[in-house]
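A.B. asks: Before we start, here is the structure in question, set down as structure tokens.
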Amino acid sequence: MRICSLLPGATEIAYLLGLADQIVGVTHECDYPADAKYKPVVVRSVIDPNRMSSQEIDAKVAELLQAGKGLYTIDESIFLEAAPDMILTQGLCDVCALDYDDVMKAAQRLPKMPEIVSLNPHSLAETLDDISRVGRATRRETAAATLVHALRDRIDRVGAREPEYRPRVVCLEWFEPLYVAGHWVPEMVTLAGGFDVLGRRGEPSFKIEWQKVIDSKPDVILLMPCGFDVRRTVKESTPLRRLEGWSDLSAVKAGNVYALNGNAYFSRPGPRLVNGLEILARIIHAEDAAWSPSPTEAAKFN
């Protein structure tokens with residue numbers, strides 16, 4: 001079987017199911033595991049986020065979407081050469097991956113129409129279901145069942161206890177403008193023993209006014225911009241310090257502001273969301289964990 005994975009989370013799933021040798025095409029964002037970076041790249045972004053600030057990225061994304069243009073482009077020559085029997089893609093977010101309609105159009109130009117598996121999770125449970133779906137589609141049911149069981153066990157271990165108190169948590173997915181993280185993130189906060197005071201469980205992230213953040217009186221602020229690692233998150237978070245009332249927030253005074261690796265552990269619907277859950281549990285209830293985050297996981301932002 002020849003597989004093109006057009007979603008980083010799906011690429012991670014495929015590798016964990018033992019399908020590395022069958023992957024013949026990925027996106028420019030498929031960087032985990034490291035071997036994925038050496039696969040043929042069939043999808044690229046039309047903007048270069050490494051050369052733009054958060055504000056510039058947001059403005060360019062809005063401009064392209066308003067003009068009816070996609071944020072990603074498919075390299076037809078590489079795609080045709082890959083000749084996939086199966087495409088792993090998504091219909092969850094046009095900002096995160098190639099538009100599903102564009103995937104269909106590209107697939108129809110292949111000599112043989114491939115099977116298309118679209119992953120559209122809004123929760124941890126649905127992410128695990130998608131692992132099972134990929135397992136069935138690729139005849140890796142046993143490996144998928146083993147992986148799902150292991151991930152569910154880790155989720156249950158985190159969420160099994162009811163803490164004596166739940167800190168008020170705000171998760172920011174973008175900073176200029178401000179966005180609150182959605183989909184699975186509020187669920188992860190709850191499982192980790194916190195109370196997400198602004199996020200909407202199972203719903204997309206949304207824009208918010210700064211005053212709403214102040215009014216929410218967070219005990220913990222988690223900075224997890226979509227697509228950024230810890231170092232880039234710290235860099236892009238600098239404007240937050242200039243917001244009126246930032247220094248007066250309880251979370252800031254207590255040193256409970258963390259820059260996280262959103263790209264690895266919170267933005268991608270895949271197995272490493274469970275790593276993100278474990279990171280959140282150690283941050284939100286630091287009193288229960290003798291833990292210092294690694295530079296690739298989180299950093300204090302104070």
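The values are calculated or read from the model by the stated rules, or taken from the named source; none is laboratory data. Since this is a predicted model, take the numbers as computed values, not measurements. Using ideal geometry, Cβ is built from the backbone for each residue, glycine included, and neighbour counts are taken over all protein chains shown. All accessible areas refer to the heavy atoms of the entire protein, side chains included, with ligands and DNA or RNA removed. Shrake-Rupley method; radii C 1.70, N 1.55, O 1.52, S 1.80 Å.
A.B. asks: Amide H neighbours of Glu115 under 5 Å, counting only residues 5+ apart in sequence or on other chains, H built in-plane at 1.01 Å?
C.D. replies: Distant-sequence amide H within range of Glu115: Met86, Ile87.
A.B. asks: Only Lys, Arg, Asp and Glu count, each charged at its Cβ (+1, +1, -1, -1), so figure out the dipole size of the chain about its Cα centre, rounded to 20 debye.
C.D. replies: The calculation lands at about 260 debye.
A.B. asks: Roughly how much of Thr296 is accessible, in Å² to the nearest 10, using a 1.4 Å probe?
C.D. replies: 80
A.B. asks: Compute the length gained on full extension between Thr238 and His28: take 0.36 nm times their separation in residues and subtract their Cα-Cα distance, giving the result in nm to one decimal.
C.D. replies: Full extension of this stretch gives 72.9 nm more.
A.B. asks: Check each of the trypsin sites (Lys or Arg not before Pro) in the range 124-223 and keep only those in coil by DSSP with at most 14 other C-beta atoms within 10 angstrom; list them in order.
C.D. replies: Answer in residue order: Arg139, Arg161.
A.B. asks: Return a whole-number percent for the relative contact order of the chain, with Cα pairs under 8 Å and 6 or more residues apart as the contact set.
C.D. replies: After rounding, I find 15 percent.
A.B. asks: Could you look at the range 14-77 and say what percent of its accessible area is carbon and sulfur, using a 1.4 Å probe and all protein chains?
C.D. replies: It is 47 percent, rounded to a whole number.
A.B. asks: Lys112 to Asn50: FRET efficiency via 1/(1 + (r/R0)^6), r the Cβ-Cβ distance, R0 35 Å, to the nearest 0.05?
C.D. replies: Computed FRET efficiency for Lys112 and Asn50: 0.45.
A.B. asks: Further, regarding this structure: Which percent of the accessible heavy-atom area of the range 178-302 goes to carbon and sulfur, probe 1.4 angstrom?
C.D. replies: The C+S portion of the solvent-accessible surface of the range 178-302 is 48 percent.
A.B. asks: Which value, in Å² rounded to 10, gives the accessible area of Trp174 with a 1.4 Å probe and all protein chains present?
C.D. replies: 30
A.B. asks: Let me ask something else about it. Note down the magnitude of the dipole of the range 1-83 about its Cα centre, charges +1 on Lys and Arg C-beta and -1 on Asp and Glu C-beta and zero elsewhere, to the nearest 20 debye.
C.D. replies: It comes to approximately 80 debye.
A.B. asks: Next up: Which pairs break 26 Å Cα to Cα here: Lys60/Lys112; Lys60/Lys207; Lys60/Lys105; Lys39/Lys300; Lys39/Lys105; Lys37/Lys300?
C.D. replies: Result: Lys60/Lys112; Lys39/Lys300; Lys37/Lys300 exceed 26 Å.
A.B. asks: Looking at the range 180-258, which GluC sites (Glu not before Pro) are in a loop (DSSP not H, G, I, E or B) and have at most 15 other Cβ atoms within 10 Å?
C.D. replies: Here the sparse-neighbourhood loop sites are Glu209, Glu244.
A.B. asks: Roll a 1.4 Å probe over the protein heavy atoms and report the accessible area of His149 in Å², nearest 10.
C.D. replies: Accessible area, nearest 10 Å²: 130 Å².
A.B. asks: Among (1) 30.2, 109; (2) 18.7, 59; (3) 19.5, 62, find the value of Rg and Dmax of the Cα atoms in Å that was calculated from the structure presented, and write down its label.
C.D. replies: After the calculation, the listed value that fits is (3).
A.B. asks: Report ³J(HN,Hα) in whole Hz for each residue of the range 123-128, in order, from the Karplus equation J = 6.51 cos²θ - 1.76 cosθ + 1.60 where θ = phi - 60°; Gly and Pro get x.
C.D. replies: Each residue of the range 123-128 in turn: 8, 4, 4, 5, 5, 5 Hz.
A.B. asks: Skip the ligands, DNA and RNA, and give the accessible area per residue of the chain with a 1.4 Å probe, whole Å².
C.D. replies: Heavy-atom SASA per residue in the chain reads 47 Å².
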